[in-house]
1. Within the group B:36, B:41, B:45, which residue is under 23 Å from residue B:57 (Cβ atoms) and buried (at least 16 other Cβ atoms within 10 Å of the Cβ)?
2. Among the residues of segment B:231-282, which ones are touching a strand residue (DSSP E or B) at 6+ places or on another chain (Cβ under 8 Å) and closer than 29 Å to residue B:299 by Cβ?
3. Taking helices (runs of 4 or more DSSP H) that do not extend beyond segment B:142-249, which have at least 2 residues that are within 27 Å of residue B:266 (Cβ to Cβ)?
4. Can you tell me which residue within segment A:21-54, out of those that are within 12 Å of another protein chain (Cβ to nearest Cβ) and not in a helix (DSSP H, G or I), is farthest from residue A:71 (Cα to Cα)?
5. Hey, can you tell me all the residues within segment B:106-127 that are farther than 16 Å from residue B:18 by Cα and either in a loop (DSSP other than H, G, I, E, B) or more than 12 Å from every other protein chain (Cβ to nearest Cβ) (or both)?
6. Within segment B:134-154, does at least one residue satisfy the condition of being under 18 Å from the mean Cα position of the chain (by Cα), facing chain A (nearest Cβ under 9 Å), buried (at least 23 other Cβ atoms within 10 Å of the Cβ) and in contact (Cβ under 8 Å) with a residue 40 or more places away in the chain?
7. Find the residue count for segment B:230-249, including only residues that are touching a helix residue (DSSP H, G or I) at 6+ places or on another chain (Cβ under 8 Å) and either surrounded by fewer than 21 Cβ atoms within 10 Å (Cβ to Cβ) or free of Cβ contacts under 8 Å to residues at least 12 places away in the same chain (or both).
8. Can you tell me which residue is surrounded by the most Cβ atoms within 10 Å (Cβ to Cβ) among those in segment B:252-266 that are part of a helix (DSSP H, G or I) and in contact (Cβ under 8 Å) with a residue 40 or more places away in the chain?
């Protein structure tokens, strides 16, 4: 239960940062909020006992890739990034996947007691692995499924959009 | 009972943190004095000699001056980021110290991924420099920040490759395990089988700490003082303190990864038996002081590189050499050495 509470608090910080990111108008500040989200993701990995993943999340994503991104932001004049404030409809479109994600995650957290990862024997079968993932660690499977589905839907919508433009 | 244990653990960690912080920050302050004195001698000058006997109180006078100076924030600056940037650099420089063991049983947090955490802290600390440069609202600062980001990012690759070779030979990310592995190996020190890695790591350490001859982010002949140009008072002091703390972190890392940390190789003890009686902290200190002296010596000897030379050297020379070093270590490991 304590772990679920911690996960919920991480999730709420993510949501707050996400809202701040949408509200912020200056590009560099938006970038900083995104950086904080990346570091927080590292903390979540650490919380799930994935220390190695946490180190790589910070070295590769927060450290290397985002610095390149910041480099790009510095070399362009700020005016070229100016966008109009999002309308309510646009904001809803952006928020919808996150809201669905948050709702399902809260449901999963309430239904299952999230347990810390324990090292398993290396010689167990695929069937056992499937049983472990689907029955004992549904959260991991849910996260993976969401992470894989979200870009697929986005790509589908983008292709649709470009087709209708043609 | 459990609560008492927890309290005891917390108090023990706090004491360790206080000891490490006190030791390293005092060392950092007196390294500035040593640097001025040594470079002074190398250039046939006296160096600081006015404050206290032999100028020994100079670091305290400098500290007082920095603390009492006005903390100016330029009108063009992004105030919040400008104020936070030096804190980011100093915090992540100090966090590194918590992972490094100073003695077999004296380490604040002997974590499983110690080496990776040091790399992670180094990559986050760069943000302090580039954000400080950008938020100052000055062209010199911005260019200094951009140079620093490019330099540190590029040199992190060969540095990580060299560390990967060390990790491969020790089969652990823990610094204490890396030291213990060297004691048990036939060479006694990683520097012997990994001489290429050691040289590349040493040069990368100079670049990672923005020290001469790679101090291009603060090149005074081109950029006034680079990302520090608009800073004054104790915030400028924080940048300096972070630089000197990083020097100690890098020296400790080199000593632990390549020179056997607080130990001496068995073949050396056979040649000079009295060395057996040297206390382990003295061995570690002696090795670290040597590298600190090297940082100062190189600053006094070599001229600054051009930025294109710096980048060419990293991508065309150091990265291939570090890969070669990794291959050599892999073959040695395969051969059972």
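1. B:36
2. The initial filter retains those residues of segment B:231-282 that are touching a strand residue (DSSP E or B) at 6+ places or on another chain (Cβ under 8 Å), namely B:262, B:280-281.
Residues satisfying the conditions are B:262, B:281.
3. On the way: elements: B:175-184, B:195-208, B:220-223.
Of the helices (runs of 4 or more DSSP H) lying wholly inside segment B:142-249, those with at least 2 residues that are within 27 Å of residue B:266 (Cβ to Cβ) span B:175-184, B:195-208.
4. A:49
5. Pass one, segment B:106-127, residues farther than 16 Å from residue B:18 by Cα: B:110-127.
Passing the criteria: B:110, B:111, B:112, B:113.
6. Within segment B:134-154, one or more residues are under 18 Å from the mean Cα position of the chain (by Cα), facing chain A (nearest Cβ under 9 Å), buried (at least 23 other Cβ atoms within 10 Å of the Cβ) and in contact (Cβ under 8 Å) with a residue 40 or more places away in the chain.
7. Going through segment B:230-249 one residue at a time, the tally reaches 5.
8. B:257
Just so you know, all these numbers are worked out from the coordinates, no wet-lab data involved. These figures come from a predicted structure and were not determined experimentally. Note that we place each Cβ from the backbone using ideal geometry, even for glycine, and neighbour counts take in every protein chain shown.
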